[in-house]
Amino acid sequence: MNKTIKLAVAGAVLSAASIANAGVIIPAGEWTLDVNGNVNTFAIMDNRDTTANINGGVASTTGGNNALAEDQTSINSGLLPAWLGFTGTTRQNDLDVSFTISFQPGTSTNAALAGGNAANAATENRQAFITFGDKSWGTVKAGKDLGIFGSDAILSDMTLLGVGASGLSLAGFQDVIGNGSTTTLGHIGTGYLYADWKGQIAYTTPNMNGFQATVGIMQPWTPLNTSAQSLAATATSQESFGYEAKASYTNDLGKVWVGYLQQDIDLTAAIDNDATAVEIGATVNLGNASFTGYYSSGEGQGTTGFLMDGFDANGNARDADTAFVQATYVIPTGTKIGASYGRSDLDATAVDAANAAINLVSRNEMWTIGAYHPLTKHLNLVAEYNDVTTESMNATAADNESDSISLGAILFF
């Protein structure tokens, strides 16, 4: 994959305002407006070997007319939604000032007269933030943008240009593969926790010979439960801010990073707990080859999404771990070929182990093989094969598995 498309990916996800990631540049008086984004669409063919619903499982989806159907097909966006971003930049009073607003429309529907009004084809609004600062002392960001913890993991995932996993057994996400949804999952939930899009006030240091750090206070979130075996919190879980931080070092060989996440969770009037997690990752580039490794561990942070099934029915924090490895190589035609493996584990507590009827995910894992060919400077053709397995905390439950092939294209501007 050429450097232009790599930069376009980072620019589309983070709406970076640098010239290197520029889209369509429009001078406007004291301001410079950068209009950037992407459009992508994939034909996805999925075969499922599912015996029963496992709440929080990525391999199988349930609900609607497609409950546990063996085969599903979809014309759908991939891990990246279609994207239209606007970033304005200026220099005033010795400060670099910018704003970013973006929109993410769906590229598919699944019913007559659905148009853009159906929930599964709805337009998302992932970014609305300002930044100000100077290269001498750093940058402050205020607004909604990609979270700090886990952001390097998703930006290192080769399926960012493709599809990855495409189902999730959770209300609001059922039958993702067949619903014309706005996005798929990539390795989210099968290798790393989703960084997601969070209200935040964050400070990033200047780049000091490759070293850089970011710290931020985050909008506190309320835990999300996929079943009665997890405890859902009240709004009192938003008593105090969340906190996220990361530090990284980058040179010609690649990048290494560490991160931290914490939020106080008041689950009930009598139960007060914390969600915490740490992460470490690295990418090493050797000529046309690139290797990425990532690991995170914590308590209460949940699996797939932040605070999703992080606490058992009595409010005890569940331990969770994620791991992700990837290797890619650019062949002489310019095509990047790659393989990756990732898994996310959610450990049962003593309360879970004593519940013979528990129906909750214990592990999601996925193998991916992909090819990403730059047909032009901005247009990439993509082919992927993904094999996803979900295991249950219930020892008597059978595993669920799904295999998918996706073919499509993604255009950046």
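The values are calculated or read from the model by the stated rules, or taken from the named source; none is laboratory data. Please read these numbers as outputs of a predicted model, since none were measured by experiment. Counting neighbours? That spans all protein chains shown, and the Cβs are built from the backbone with ideal geometry, glycine included.
Mind listing whichever residues of segment 352-378 are over 27 Å from G293 (Cα atoms) and either surrounded by fewer than 16 Cβ atoms within 10 Å (Cβ to Cβ) or in contact with a Pro (Cβ under 7 Å, 6 or more places away or on another chain) (or both)?
Result: A353, A354, A356, A357, L375, T376, K377.
Find the residue count for segment 362-394, including only residues that are assigned to a loop (DSSP other than H, G, I, E, B) and of a type outside the set (S, T, Y).
5
Scan segment 271-281 and tell me whether some residue there is surrounded by fewer than 21 Cβ atoms within 10 Å (Cβ to Cβ), more than 22 Å from A350 (Cα to Cα) and touching a strand residue (DSSP E or B) at 6+ places or on another chain (Cβ under 8 Å).
Among the residues of segment 271-281, at least one is surrounded by fewer than 21 Cβ atoms within 10 Å (Cβ to Cβ), more than 22 Å from A350 (Cα to Cα) and touching a strand residue (DSSP E or B) at 6+ places or on another chain (Cβ under 8 Å), which makes the answer yes.
Of everything in segment 379-413 that's of a type in the set (A, V, I, L, M, F, W, C) and within 20 Å of I188 (Cβ to Cβ), which residue is surrounded by the fewest Cβ atoms within 10 Å (Cβ to Cβ)?
That would be I405.
If the Cβ limit is 9 Å and pairs must be 6+ apart or interchain, which residue in segment 84-106 that is free of Cβ contacts under 8 Å to residues at least 24 places away in the same chain and surrounded by fewer than 20 Cβ atoms within 10 Å (Cβ to Cβ) pairs with which residue that is β-branched (V, I, T) and in a strand (DSSP E or B)?
These pairs meet every condition: R91/V97.
Can you name the residue in segment 227-265 that is modelled with pLDDT under 90, farther than 27 Å from A350 by Cβ and not aliphatic (A, V, I, L, M) and, of all such residues, is farthest from the chain's Cα centre (by Cα)?
Looking at residues that are modelled with pLDDT under 90, farther than 27 Å from A350 by Cβ and not aliphatic (A, V, I, L, M), I get E239.
Provide a single number: the residues in segment 387-413 that are touching a Leu at 6+ places or on another chain (Cβ under 6 Å) and at pLDDT below 95.
1
Being surrounded by fewer than 18 Cβ atoms within 10 Å (Cβ to Cβ), touching a Leu at 6+ places or on another chain (Cβ under 7 Å) and either more than 30 Å from D272 (Cβ to Cβ) or of a type in the set (D, E, K, R) (or both) is the filter here; which residues of segment 283-337 pass it?
If the condition is that a residue be surrounded by fewer than 18 Cβ atoms within 10 Å (Cβ to Cβ), touching a Leu at 6+ places or on another chain (Cβ under 7 Å) and either more than 30 Å from D272 (Cβ to Cβ) or of a type in the set (D, E, K, R) (or both), then V284, N285 are the ones that fit.
For segment 249-270, which positions are buried (at least 18 other Cβ atoms within 10 Å of the Cβ) and among the polar types (S, T, N, Q)?
If the condition is that a residue be buried (at least 18 other Cβ atoms within 10 Å of the Cβ) and among the polar types (S, T, N, Q), then Q262, Q263 are the ones that fit.
May I ask you to verify whether S404 is part of a strand (DSSP E or B), more than 19 Å from G164 (Cα to Cα) and either of a type in the set (S, T, Y) or within 20 Å of the chain's Cα centre (by Cα) (or both)?
It is false that S404 is part of a strand (DSSP E or B), more than 19 Å from G164 (Cα to Cα) and either of a type in the set (S, T, Y) or within 20 Å of the chain's Cα centre (by Cα) (or both).
Here's the yes/no breakdown for (1) in contact with a His (Cβ under 9 Å, 6 or more places away or on another chain); (2) modelled with pLDDT of 85 or more; (3) surrounded by fewer than 24 Cβ atoms within 10 Å (Cβ to Cβ); (4) not in a strand (DSSP E or B):
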| position | (1), (2), (3), (4) |
| --- | --- |
| L113 | no, no, yes, yes |
| G116 | no, no, yes, yes |
| N120 | no, no, yes, yes |
| F129 | no, yes, yes, no |
| S169 | no, no, no, yes |
| F173 | no, no, yes, yes |
| S181 | no, no, no, yes |
| Q212 | no, yes, yes, no |
